[in-house]
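The values are calculated or read from the model by the stated rules, or taken from the named source; none is laboratory data. Please read all numbers here as calculations on a predicted model, not as lab measurements. We place every Cβ from the backbone using ideal geometry, glycine too, and count neighbours over all the protein chains shown.
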């Protein structure tokens, strides 16, 4: 028997880690090929990063090493493969996956321990390699591979995906992993392959040559049943556009719901939703929501600047249509979140701030997530001509994996991120990051949402002017805000100098937090301190713009703002009495009136354990907005009911 070892290293998220899905796809295709399967013995796949040395020691008799390579395991995979090759020079080292570059001129010079690299889909290519391994080991005629001596034309795309044995239904995924106590395995899942779009920042379309193929409903239904029967808590859907086959994907969502309600698993499905972001996916999302499987739907914008969108070949729907779409989702009770990418070519500080102003103005927008612009090996943005045209410069940075465990990480992994282009400098990008932090933390996550909206309604102060003033305050006045600002500035400086973006604060658990989330957590620790510090900032703002809004009103406003933020509390119902009609004012922009109001709502996160509270409030709960309560949903009781006929309400002239 020919001994086949394999690696698909991953990071843990708490007690969870992904199955080696890509390797399992290949192994199941080989094992259930009657001509090949009996000749090859697939050993356990290397997945746990802290076990790398023992994995290497186990490979003294290894005949073939398969390496599934992506940005999160590239360094440790190269290290493993080189060590095994040195110990066992006769081992055939084969690498594939998205990290293998199409422009591979220097690859074998830099990685002489690798024998074969595979471009594109791997199943047919690997089976042909294995067939030749049983014969003369002359790989010269095999499509889709490259060696130090030759590079062959691509293999044809697989047209009938149902001819590929399922790694789940065959239980190959279980054959390839050690069942470790207190470790739960997560499933990657494909329902189709391909992407019809050619966004330059993404390698999905280029890797699959655009054409879409799909598995049959029968196979996918059985895999969903397998997930439930095997108690898989989390299914990561790897489709580029889940929901694009609307009728079929509705049936899949319905099947997930039925299995989850009947068996309790899976607990969550995370798809990358179809890029058209149409209301046509609402019925699909509703099925998942009814099964308790859905946190939120992604409505990705990436940028709101027309020049940038044209450069990156991203066809967004018009923002007014996008805004209406988010409202449609909200009306259907489906949370949404919006994604933006900082640092794409064409973007400027002013264009970015205009985009943030647009998002801040729109109350229908869900949670906002903002990311650096990664430059992937096979993305069109990494093409030499494209990079030269837009003067894209990158920094090699330790990979950012939000919410991953600080433990068992092994050697660091790296990614390339854009740090300057023809349209912006690195210093400008740092300012872009600062404004992104402000809008995510203070507006989207709710710290200043209603305070800033009040000044927009009452004084026509733009959101960007409000947050520019807040930056000025942080830079000139000592406060809890300035202390956090200084931490964030250092974080940004370190990040863009190649020191990485993972942030750990031990009081919030042993994970790496996004900076905007850990800022939010620190500010919500002490509700009273947040309230007092916000008042001090508003005094600064009032003086700067010479506003004459009396203290009683501002104090009531800040109390209302703080009331709506999720803070740690064991109270099932949160209630507060105010001296103004804030709910009506912010819902319909009615005149602000001096009238006693009592508002209340059900606490969004009931959890006594502090670290778990943080997880549920802002990690798990960010997509579904567990970090704040929507003002329009407040329950209210007018405390003036008994006297309202005797007193007229005073309309405030602010």
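General remarks:
- Residue that is surrounded by the fewest Cβ atoms within 10 Å (Cβ to Cβ), among those in segment 2-19 that are at negative phi, modelled with pLDDT under 95 and assigned to a loop (DSSP other than H, G, I, E, B): 15
- Qualifying residue in segment 307-328 (condition: surrounded by fewer than 16 Cβ atoms within 10 Å (Cβ to Cβ) and over 26 Å from residue 436 (Cβ atoms)): yes
- Only residues that are in contact with a helix residue (DSSP H, G or I) (Cβ under 8 Å, 6 or more places away or on another chain) and surrounded by 18 or more Cβ atoms within 10 Å (Cβ to Cβ) were counted in segment 593-616, giving 5.
- Within segment 561-592, if we keep just the residues that are out of contact with any helix residue (DSSP H, G or I) (no Cβ under 7 Å at 6 or more places or on another chain) and in a helix (DSSP H, G or I), the residue that is modelled with the lowest pLDDT turns out to be 588.
- In the set 28, 22, 54, only one residue is in a helix (DSSP H, G or I) and free of Cβ contacts under 8 Å to residues at least 40 places away in the same chain; that residue is 54.
- Restricting attention to segment 93-118, the residues that are at pLDDT 95 or above and more than 18 Å from residue 6 (Cβ to Cβ) total 5.
- Filter result for the condition that a residue is buried (at least 17 other Cβ atoms within 10 Å of the Cβ), touching a residue at least 24 places away in the same chain (Cβ under 8 Å), under 32 Å from the mean Cα position of the chain (by Cα) and closer than 14 Å to residue 64 by Cβ, over 144, 122: 122
- Applying the set (1) in contact (Cβ under 8 Å) with a residue 40 or more places away in the chain; (2) part of a loop (DSSP other than H, G, I, E, B); (3) under 30 Å from residue 108 (Cα atoms); (4) out of contact with any strand residue (DSSP E or B) (no Cβ under 9 Å at 6 or more places or on another chain) to residue 158 leaves exactly one unmet item: (4).
- Residues in segment 79-90 that are touching a helix residue (DSSP H, G or I) at 6+ places or on another chain (Cβ under 9 Å) and surrounded by fewer than 21 Cβ atoms within 10 Å (Cβ to Cβ): 79, 83, 87.
- Whichever residue in segment 486-515 is out of contact with any strand residue (DSSP E or B) (no Cβ under 8 Å at 6 or more places or on another chain), surrounded by 15 or more Cβ atoms within 10 Å (Cβ to Cβ) and touching a residue at least 60 places away in the same chain (Cβ under 8 Å) and, among such residues, is nearest to residue 566 (Cα to Cα): 508
- The residues listed here are 59, 67; of these, the one that is in contact with a helix residue (DSSP H, G or I) (Cβ under 6 Å, 6 or more places away or on another chain), over 28 Å from residue 154 (Cα atoms), outside any helix (DSSP H, G or I) and not assigned by TED's automatic domain parsing to the domain that holds residue 409 is 59.
- Taking segment 359-410 as the range and being surrounded by 17 or more Cβ atoms within 10 Å (Cβ to Cβ) and in a helix (DSSP H, G or I) as the test, the residues that pass are 359, 360, 380, 381, 382, 387, 390.
- Taken over segment 413-450, the criterion of being touching a helix residue (DSSP H, G or I) at 6+ places or on another chain (Cβ under 7 Å) and either within 30 Å of residue 78 (Cα to Cα) or not assigned by TED's automatic domain parsing to the domain that holds residue 348 (or both) is satisfied by 413, 414, 419, 420.
- If you go through segment 75-94 and keep only what is touching a residue at least 40 places away in the same chain (Cβ under 8 Å) and within 33 Å of the chain's Cα centre (by Cα), you end up with 75, 76, 77, 79, 80, 81.
- Pick from segment 241-263, criterion touching a strand residue (DSSP E or B) at 6+ places or on another chain (Cβ under 8 Å) and modelled with pLDDT under 95, ranking: nearest to residue 182 (Cα to Cα): 242
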